[in-house]
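Participant: One structure coming up, written as structure tokens, with questions to follow.
The values are calculated or read from the model by the stated rules, or taken from the named source; none is laboratory data. Source: prediction; values computed, not measured. All Cβ positions, even for glycine, are placed from backbone atoms using ideal geometry, and neighbour counts span all protein chains on display. Just so you know, the surface numbers come from the protein's heavy atoms only, side chains and all, with ligands and any DNA or RNA stripped out. Shrake-Rupley method; radii C 1.70, N 1.55, O 1.52, S 1.80 Å.
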Amino acid sequence: MTKSQNTVNDYDAVVIGAGFAGLYMLHRLRQLGLSARVFEAGSGVGGTWFWNRYPGARCDVESLEYSYQFDEQLQQEWEWSERYSPQSEILEYLNHVADRFNLRGDIDLNTRVAAARYDENTNLWTVSTTGGSSDSNTARARFCIMATGCLSSANVPDFEGIDSFKGNTYHTGQWPHGGVDFTGETVGIIGTGSSAIQSIPLIAEQAKHLYVFQRSAAFSVPAANRPLDKAKEADIKSRYAEFRKHCAQLPTGGNLIMNESLATEASEAELRAEYEERWENGGLMFLGAFSDLLIDVKGNKTAADFIRGKIRSIVKDLTVSDLLMPDHVVGCKRLCADTGYYETFNRDNVTLVDVNSVPIDSITAMGLLTGGTEYAFDNLIFATGFDAMTGSLSRIDIRGRNGDLLRDTWAQGPKTYLGLGTVGYPNMFTIAGPGSPSVLTNMVPSIEQHVNWIADCITWLDDNNYGSIEATPDAQSDWVDHVNAVAGTTIYTSCNSWYLGANIVGKPRVFMPLFGFPAYVEKCDEVAANNYVGFAVT
Ligand code: N01
């Protein structure tokens, strides 16, 4: 069929993105008997797991939790091979889901959504796309559902001279599909967040020399990844629903086994014993060592000091170990989980360069200039993160009532009700949007909770012959206050993190996710049970 600029296809819903959120949303819409089209910019499904293929990319939530629970047979039959799944296996899983539920027929790949516009007269959204192989590049739908991901808009800082570099450049979030062989080559990497921390040890093993340009040192704990314990798998699979329910009652929606004691009241011996055990066991469970770590800076300092002590004991060169020691609160920026990260700095072919006290002056044809020294290398990796939570939405021309542009509406920071709806944008839903627990939780159950809520909401609207739903200004304003108030009771506002938008020049400093999964789910259920109170329907 020849592609026509004029054809418009009509659907009940358009879904933007085919990662965990978009795939499940499509499945639910189909179960409701609704027509839906998914647009995906990538050439395959998988979202974040399609794009982030850098060396060592793997999830830091355990495999048995980082998976869908909506289908019992799926969760029973799928077999994960490791405690923490590598990117390739998660991508394989998502492709399996797309096939198993026969989703591909309603997904347009290689199709980037350029604009989504709400028409008040027809109460329809018109979504325009570029690329793609379907007969139409415009779709019209009653509902526009953003499954665009929280960490999918790659951030490349505007370094002076960035285009002059003559070697190869990469971003961890847009890694070449065939992989990159750095054998015998020199590499520079900018950034030391989760992506860098996973990739640096592997790149260092391959490269002739690796220069790590660090602006802020990051806290990292050993992942202690290993083959999946078959006995543990059998146990969890024998009571999967109960296990999922248990996880949903914990603050992160994940199996963060929390020690109820306070770090501020523990003895030196108790602190050491608890931290040592969690360090040994590995993973983000470290933050559950004491119940005040995420709410009390004083308690948190005991954990931060413990990790700093570990860095000191692992890294042989004192100057390097000093430089690797974070000076902020642990968990304020997302805690990283690594395999041999700090040990990598004992290698002769790795150089850590401080670009905090003396920032990067420019990228040059040969490499990078900082503090009067030019570092030359063949390959430059940007491990510089993402325009988180709002980036993928603000790069689409989303227009609601009166033609208002979402990126303008959110110019002072994102404003939503429940992270699901925004005043002025009727019938638009954001899955894991700002103002919802999203990135502070295990993303998969958070996504499933949102998708189920949206599916129920659409059913309720249709059953009651309502044409549209939109957050009310009062409910939204109260919700924004609530998200901020909750953040204020935690340690999360005490550093410059991407949760706050602090990594993007000019982005307003607003704490975007909401801490606490169970209370949030309760609130969403309460809103639904009370005829979607806080939303106006017509
Ligand atoms: O990105 P980041 P990421 N000059 O924003 C530095 C998830 N994730 O891709 O801290 C110099 O954390 C920046 O420095 P600073 C996870 O949620 C999960 O690593 O801003 N440096 C920082 O060091 C994670 O949190 C997994 O001072 C600059 C780095 O670049 C999120 O994705 C794996 C700079 C960016 O770190 C993002 O992680 C990977 C500049 N101008 C990712 N600008 C797992 O599940 C930025 N930086 C394991």
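Participant: Using modelled backbone amide H atoms (1.01 Å from N, in-plane), which distant-in-sequence or interchain residues come within less than 5 Å of residue 352's amide H?
Facilitator: Those qualifying (amide H under 5 Å, at least 5 residues apart or on another chain) are 212.
Participant: Let me ask something else. For the chain, what is the convex hull (Cα atoms) projected area averaged across all directions, in square nanometres?
Facilitator: For the chain, averaging the hull's shadow over all directions gives 25.2 nm².
Participant: In whole Hz, with x marking every Gly and Pro, tabulate ³J(HN,Hα) for region 349-365 from phi via Karplus 6.51 cos²θ - 1.76 cosθ + 1.60, θ = phi - 60°.
Facilitator: After applying 6.51 cos²θ - 1.76 cosθ + 1.60, I find 9, 10, 10, 9, 10, 7, 10, 9, 5, 10, x, 5, 6, 6, 8, 10, 4 Hz.
Participant: Using Cα atoms only, what is the angle between the long axis of helix 87-100 and the major principal axis of the chain, expressed in degrees (0 to 90) to the nearest 10?
Facilitator: That works out to roughly 20 degrees.
Participant: Among 253, 171, 216, which residue has its Cα positioned farthest towards the positive end of the charge dipole of the chain, with +1 placed on the Cβ of Lys and Arg, -1 on the Cβ of Asp and Glu, and the dipole taken about the Cα centre?
Facilitator: It is 171.
Participant: How large is the dipole of the chain about the Cα centre if only Lys and Arg carry +1 and Asp and Glu carry -1, each at its Cβ, rounded to the nearest 20 debye?
Facilitator: Taking the Cα centre of the chain as origin, the dipole is about 700 debye.
Participant: Could you derive backbone 3J(HN,Hα) for region 315-321 from the dihedral phi with the Karplus parameters 6.51, -1.76 and 1.60 (θ = phi - 60°), listing whole Hz in sequence and x where the residue is Gly or Pro?
Facilitator: Ordered by residue, 3J(HN,Hα) equals 8, 6, 7, 4, 5, 5, 5 Hz.
Participant: In degrees from 0 to 90, rounded to the nearest 10, what is the angle of the helix 443-463 Cα long axis to the longest principal axis of the chain?
Facilitator: 10 degrees
Participant: Using the charge dipole of region 416-538 (Lys, Arg: +1 at Cβ; Asp, Glu: -1 at Cβ; taken about the Cα centre), state which of 486, 501, 472 has its Cα farthest towards the positive end.
Facilitator: Working it through, the farthest residue towards the positive pole turns out to be 501.
Participant: Just going by the charge dipole of the chain, with Lys and Arg at +1 and Asp and Glu at -1 on Cβ, which of 344, 393, 438 is farthest out on the positive end?
Facilitator: Value computed over the given set: 393.
Participant: Related question: In whole percent, what relative contact order does region 186-330 give with Cα contacts below 8 Å and a gap of six or more residues?
Facilitator: 24 percent
Participant: With the full set of protein chains in place, find how many percent of the accessible area of the chain is carbon and sulfur; take the probe as 1.4 Å.
Facilitator: Carbon and sulfur: 49 percent of the exposed surface of the chain.
Participant: Any idea what angle helix 20-31 forms with the longest principal axis of the chain, computed on alpha-carbon atoms, 0 to 90 degrees, nearest 10?
Facilitator: 20 degrees
Participant: A follow-up question, please. How high is the relative contact order of the chain, in percent, counting Cα pairs under 8 Å that sit 6 or more residues apart?
Facilitator: Dividing the mean separation by the residue count of the chain yields 19 percent.
Participant: Output the peptides 492-498, 175-181 sorted from most to least packed, where packing is the average of other Cβ atoms within 10 Å over each peptide's residues.
Facilitator: By packing density, highest mean first, the sequence is 492-498, 175-181.
Participant: What is the dipole size for region 226-266, taken about its Cα centre, with +1 at each Lys and Arg Cβ and -1 at each Asp and Glu Cβ, in debye to the nearest 20?
Facilitator: The calculated dipole for region 226-266 is roughly 320 debye.
Participant: With a 1.4 Å probe and all protein chains left in place, how much accessible area per residue does the chain have, in Å²?
Facilitator: Averaged over the residues of the chain, the accessible area is 40 Å².
Participant: Once you charge only the Cβ atoms, +1 for Lys and Arg and -1 for Asp and Glu, what is the size of the charge dipole of region 92-219 about its Cα centre, to the nearest 20 debye? Spell out each step's value before the answer.
Facilitator: On the way: 9 positive and 13 negative charges, 34 e Å.
So the dipole magnitude of region 92-219 works out to roughly 160 debye.
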